[in-house]
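One structure below.
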Amino acid sequence: MPRRGENIYKRKDGRWEGRYIAGRRPDGQAVYRSVYADSYQKVKKKLGDEKTKLTEQRRISCHMTVHALCLEWLGMVRSSVKESTFDRYSLLVNKHIVPQLGTVRIEKLTVNHISGFINNKLEKGRIDGNGGLSPRTVRNIVIVLKAVLRQAGLEYGLNSPTANLKLPKAERPGIRLLSDSNIAALETNCRQTPDNGNLGLLLCMYTGMRLGEACAVRWSDIDWNNSELRIRKTVQRLSRRGNDNGAKTRLTISSPKTSNAERIIPLPSGIVGELKRLADTQDRNAFILTGLVSRFMDPRTFQNRFKRKQEELHIEPVNFHAIRHTFASQCIRKGFDVKTLSEILGHSTVQLTLDFYVHSSMEEKKKQMSGLSFLAS
């Protein structure tokens, strides 16, 4: 009997048919061929022989360059990943991999090629020519390159020189949090002038929303009866491929980055009243940050407004994402269990929350250490 994934089945005329991928069109779509026999065992053997023959033919005749293979790989993954993910892949391929390795034929690619490529990116890989890329960025580039070369193995039977390649060690970036006094200053300022931008910022401080999520949220996403906020969309900036008007990017609203990111966040009672008073004066389908139904706020605009507010309040500057990190750390200080916090933040795992979003301030460290004693009382 055929097994799942074999692509072997019995036809109505009594013969057995086995299908296999013989190639791919320029858009990545598979081209199938079939073999036939009067029994399952015979067609299985014929199918295996054809696959082996095809792999050997491809291996011998393949003179494909890294550039050509990258284009083939992008065509294959385009339909299976989010548009924002595909944009990231395209950027890494076209701005980093192809310019340096694009003309190298796949069968000629060696470990020395890859090692030199990595070192070059670390030392002077920035597109603007001002120094090297971070180990984290180079690591992401190499991950994409390894995926491309795995395709060479699957389609053409070529061994990948990246099989045992060690990825650059990515140091965890240092995150500066908002201090308690800065949090208080921001909250007081937002409450004094409860307009859309200020209450939107206050909502971010009390929910840990991502920047793009904040720009996409509407009043209709709040369940006033249950004091709950539903996160189901995010604003993203994507490349504008094939555009002739000079604009390199475009803004779009799409589903969140992962299924876990689509979530419901209970709202603290202390901010629901102010949000409701403003919401009652506006269309329920309006975006919270703009107060308009037809226009959402550009994430860059919201970032710049946050930057100006810090300057006005003489707060030591932090980037917008620090609000999310500060929220997570404050929740832990208040006694939240990590599982609850992880779901509020929309993380796929609790470990991600612990590794990247839970920070301890020096004051907290001193508080914990002050009561430490190894002597019996």
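Laboratory data are not the source of any read-out in this text; all were calculated from the coordinates shown. These numbers come from a predicted model, not from an experiment. All Cβ positions, even for glycine, are placed from backbone atoms using ideal geometry, and neighbour counts span all protein chains on display.
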25 Å Cα-Cα reach of Lys233 towards lysines, excluding residues that sit fewer than 8 places from it in its own chain: Lys82, Lys248, Lys257, Lys276, Lys307, Lys339
Estimated FRET transfer efficiency (Asp180, Asn7; beta-carbon r; R0 35 Å; 0.05): 0.05
Check the straight Cα-Cα distances from Lys53 and name the lysines below 16 Å, setting aside those fewer than 8 residues away within the same chain. Lys44, Lys45
Quick calc, His321 & Val293: beta-carbon distance into FRET formula, R0 30 Å, rounding 0.05, result 0.60
Apply the Karplus curve 6.51 cos²θ - 1.76 cosθ + 1.60, θ = phi - 60°, to the phi angles in the range 341-348 and return the couplings in whole Hz, x for Gly and Pro. 4, 4, 6, 5, 6, x, 8, 7
Partner lysines for Lys121 [C-alpha distance under 22 Å; skip if fewer than 8 residues away on the same chain]: Lys95, Lys108, Lys146, Lys166, Lys169
For the range 248-354, the dipole about the Cα centre with charges only on Cβ (Lys and Arg +1, Asp and Glu -1), to the nearest 20 debye, works out at 260 debye
Karplus-derived 3J(HN,Hα) from phi for the range 303-308 (6.51 cos²θ - 1.76 cosθ + 1.60, θ = phi - 60°), whole Hz, x at Gly and Pro, runs 4, 5, 5, 5, 4, 5
How much length, in nm to one decimal, is gained on full extension between Ile21 and Lys124, taken as 0.36 nm per residue of separation minus their Cα-Cα distance? 33.0 nm
If the chain between Gln100 and Glu274 were fully extended at 0.36 nm per residue, the gain over the current Cα-Cα distance would be 57.1 nm
Give me the extension gain from Thr249 to Thr188: residue separation times 0.36 nm, minus the current Cα-Cα distance, reported in nm with one decimal. 18.4 nm
Over 10 Å intervals from 0, what percent of Cα-Cα pairs in the range 66-156 sits in each interval? 16, 52, 28, 4
Starting from the amide H of Leu178, placed 1.01 Å from N in the peptide plane, find each other amide H under 5 Å away whose residue is 5 or more places distant or on another chain. Thr326
